[in-house]
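The values are calculated or read from the model by the stated rules, or taken from the named source; none is laboratory data. Just so it is clear, the structure is predicted and the values come from calculations on it, not from any experiment. Neighbour counts run over all protein chains shown; Cβ positions are idealised from the backbone, glycine included. These accessible areas exclude ligands, DNA and RNA; they are computed on the full protein's heavy atoms, side chains included. Shrake-Rupley method; radii C 1.70, N 1.55, O 1.52, S 1.80 Å.
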Amino acid sequence: TIFLALGALFLSTIGCTVSVIGKVFSLKGLTPAPVAGNVQRGEHLFKKGQDKAPPCLTCHPLQPGVFALGPSLKGIYERASSRVPGLSADGYLHQSIIEPHAYIVPGFRPIMYPDYGKHLGEQDIADLIAYLRTF
């Protein structure tokens, strides 16, 4: 036990991550480490949805200047880092998916489906963000 604790302490000082029973943790504070996204799976989620979660494409066009219920997502990754002070592009997109009413793009109403966080896991969200980076 002492050796495991000392090993964990050493690894945490150099910023490593460790896998414990299928979950990956950063040893600095034992918070989940970022999940790598899969672009193809993100595209599928964006276009088809999952379970009761509707597809993003229902309201968000991919072409600029197209009228829709939600803003066009063309170039969203570049805009995302400047939307909310203190949030990175990834942080903003993550928040927008699981807490869609936390920030409303000017000119749009707060009508985004509010329960993506209930139907999508961290891997699903990482996949969507990976896909959003591509356009």
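Label-point separation (nm) for residue 79 and residue 108, each offset 7 Å from Cα along Cα-to-Cβ?
0.7 nm
Using a Cα-Cα cut-off of under 18 Å, which aspartates and glutamates could be cross-linked to residue 74, ignoring same-chain neighbours fewer than 8 residues away?
43, 90, 127
So how much accessible area does residue 115 have, in Å² to the nearest 10, using a 1.4 Å probe?
50 Å²
Please give every one of the aspartates and glutamates within straight-line cross-link reach of residue 52, meaning a C-alpha to C-alpha distance under 13 Å, and leave out same-chain neighbours fewer than 8 residues apart.
115
Taking the Cβ-Cβ separation of residue 68 and residue 122 as r and a Förster radius of 30 Å, what is the calculated FRET efficiency to the nearest 0.05?
On the way: r = 27 Å, r/R0 = 0.91.
E(calc), rounded to 0.05, equals 0.65.
Where Lys and Arg each count +1 and Asp and Glu each count -1, what net charge lies around residue 103 among other residues with Cβ under 14 Å from its Cβ? Don't jump to the answer; show the numbers that get you there.
Working: positive: 79, 83, 109; negative: 99.
Neighbour charge sum, excluding residue 103 itself: +2.
With a cap of 10 neighbouring Cβ atoms within 10 Å, and only residues DSSP puts in a loop, list the trypsin sites (Lys or Arg not before Pro) found in the stretch 37-135.
Hits after loop and neighbour filter: 52.
Under the Karplus relation 6.51 cos²θ - 1.76 cosθ + 1.60, θ = phi - 60°, what is the ordered set of whole-Hz ³J(HN,Hα) values for the stretch 80-89, x standing for Gly and Pro?
Values, residue by residue: 4, 6, 10, 6, 10, x, x, 10, 6, 4 Hz.
Each residue of the stretch 47-54 in order: what ³J(HN,Hα) in whole Hz does its phi give by Karplus 6.51 cos²θ - 1.76 cosθ + 1.60, θ = phi - 60°, with x for Gly and Pro?
Residue by residue, the stretch 47-54 yields 8, 10, x, 7, 6, 8, 7, x Hz.
Just the projected area, averaged over all directions, of the convex hull on the alpha carbon atoms of the stretch 91-135: how many nm²?
Numbers: hull surface 13.6 nm².
Value for the stretch 91-135: 3.4 nm².
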